[in-house]
Amino acid sequence: MKAAVLNAVGEKFIIEDVDIDDPIENEVLVDVKACGLCHSDSHIQENDFGFPMPTVLGHEAAGVVTKVGPEVTTVEVGDHVVGSLIDFCGRCPRCTSGRPWQCVNPAAVARTADQPSRLSRNGEAVTQFSSLSGFAEQILTHENNLVKVNKDIPFDKACLLGCGVITGAGTAINTAGVKVGDTVAVIGCGGIGLNAVQGAAIAGARRIIAIDLQNEKLALAKKFGATDTINSGEVEDLVAAVAEITGTNGVDHAIEAIGLKATAEQAVRILREGGGAYLIGMIKPGTRLDVDPFTELLMNQLRIQGVKMGSTNPQQDISLYAELYTQGRLNLDDLVARTISLDEINEGYEELRDGKVARNVIVFD
Ligand SMILES: [Zn+2]
Ligand SMILES: [Zn+2]
């Protein structure tokens, strides 16, 4: 099959032939119909996280089940599915208490060392990324990494449910537990931030303040439910600007969706007493935050939480968001700037790096 292969850190994607194995045990083979370009893939492309190459990236995929392993029970051939990069065993105490995103045995969905690699090229293993590797014509994965969705949702929208939507909306709804009447600020209005904005709107927040340096993104944030916007490059004192909007000394929840030290610290400073800062941006390993635990955290009873995948229970939440989309209550249409072919992946990422678009999505015929 054709796949966009990354052979080394810093290189471009190259379209090559990659072999994909047949499903065994609980595995499912999927014909990929769409895969979103997420910033996390380009982080792996540009920075050395020690991730083994060659690899096929891509983790925001949707498609059709074409073949199932002998032990598969949750999907059938012909089902429309969304890929989920949350590896969970389904049996450990975290999974059985409803927190699969904190599974203690995520390796349960991977192949063991004595089994052949799911992906290979000329007989050599190609590393699968996020149990999916969606920048390819097919995906072979464990059934736990797939969620069946309604056939009404176009694939180029459904794929976004696998990462951008659950991470952003899930942080507001699940992790922060935004309640009706709360105030929320979202710093960074890319694909993830816009979904944090709409998660806060779905949860019933009173004021949702979108913060970004680009006016195009702030205008887009309004389409996702932002009640107020701040261009942080145009205000002298962000803390004062937020306080003026809320009429208090800050927001109940601040969601940081960029991944920088300065904006992570801002997320803490714009909180009111008892508030929570949620860090969901891919912040560089080794970064240290300058926060005073006594005067800032203790006296104001603040919390800082790192969030992975919006504390999402994929089987429950992805099908929920799919339903909200078909009811017109979740905006996916305005997330997709452009659909492209697999061959255009490098150009697609260039546009994302410029920061003007939320998402480009690869579609397959
Ligand atoms: Zn588990
Ligand atoms: Zn992603």
Scope the range 86-102; condition part of a helix (DSSP H, G or I) and more than 16 Å from ligand 2 (Cβ to nearest atom); matching residues: PRO93, ARG94, CYS95, THR96, PRO100, GLN102
Single condition ILE153 does not satisfy, out of (1) under 20 Å from LEU37 (Cα atoms); (2) at pLDDT 95 or above; (3) not in a loop (DSSP other than H, G, I, E, B): (3)
Where residues in the range 6-40 are within 16 Å of ligand 2 (Cβ to nearest atom) and within 16 Å of LYS284 (Cβ to Cβ), which of them is surrounded by the most Cβ atoms within 10 Å (Cβ to Cβ)? HIS39
Given (1) over 23 Å from GLN102 (Cα atoms); (2) away from ligand 2 (no atom under 16 Å from the Cβ), where does ALA176 come up short, assuming only one miss? (1)
Applying the selection to the range 46-77, what residues are within 11 Å of ligand 2 (Cβ to nearest atom) and outside any loop (DSSP other than H, G, I, E, B)? ALA61
Going by what's in this entry, would VAL165 be described as surrounded by 21 or more Cβ atoms within 10 Å (Cβ to Cβ), among the aliphatic types (A, V, I, L, M), in contact (Cβ under 8 Å) with a residue 60 or more places away in the chain and touching a Lys or Arg at 6+ places or on another chain (Cβ under 9 Å)? no
Among the residues of the range 333-365, write down those that are over 23 Å from GLU137 (Cβ atoms) and touching a residue at least 24 places away in the same chain (Cβ under 8 Å). ASP333, ASP334, LEU335, ARG353, GLY355, LYS356, ALA358
So if I check each of HIS43, HIS80, which one is more than 16 Å from ligand 2 (Cβ to nearest atom) and either more than 30 Å from LEU260 (Cα to Cα) or surrounded by fewer than 21 Cβ atoms within 10 Å (Cβ to Cβ) (or both)? HIS80
Among the candidates ASP334, ASP317, which residue alone is buried (at least 20 other Cβ atoms within 10 Å of the Cβ), part of a helix (DSSP H, G or I), in contact with a helix residue (DSSP H, G or I) (Cβ under 8 Å, 6 or more places away or on another chain) and charged (D, E, K, R)? ASP317
Restricting attention to the range 111-124, does a residue exist that is touching a strand residue (DSSP E or B) at 6+ places or on another chain (Cβ under 6 Å), buried (at least 24 other Cβ atoms within 10 Å of the Cβ) and in a strand (DSSP E or B)? yes
Determine, yes or no, whether ALA107 is farther than 30 Å from ASP228 by Cα, surrounded by fewer than 24 Cβ atoms within 10 Å (Cβ to Cβ) and over 21 Å from the mean Cα position of the chain (by Cα). no
Suppose we filter VAL82, VAL28 for residues that are touching a residue at least 24 places away in the same chain (Cβ under 8 Å) and within 18 Å of the chain's Cα centre (by Cα); which single one remains? VAL82
Say we look at the range 113-134 and pick out the residues that are of a type in the set (Ser, Thr, Tyr) and over 30 Å from GLY306 (Cα atoms); which of these is nearest to ligand 2 (Cβ to nearest atom)? SER117
Answer yes or no: is there a residue in the range 180-187 that is outside any helix (DSSP H, G or I) and in contact with a Ser or Thr (Cβ under 8 Å, 6 or more places away or on another chain). yes
Scanning the range 67-77 for residues that are more than 16 Å from ligand 1 (Cβ to nearest atom) and either surrounded by 16 or more Cβ atoms within 10 Å (Cβ to Cβ) or touching a residue at least 24 places away in the same chain (Cβ under 8 Å) (or both) gives LYS67, VAL68, GLY69, PRO70, GLU71, VAL72, THR73, VAL75
Just to be sure I understand, how many residues within the range 253-263 are more than 16 Å from GLY168 (Cβ to Cβ) and either buried (at least 24 other Cβ atoms within 10 Å of the Cβ) or within 14 Å of the chain's Cα centre (by Cα) (or both)? 0
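The values are calculated or read from the model by the stated rules, or taken from the named source; none is laboratory data. Worth saying up front: this structure is predicted, and the values here are computed from it rather than measured. In this analysis, Cβ positions are derived from the backbone assuming ideal geometry, glycine residues included, and neighbour counts consider all displayed protein chains.
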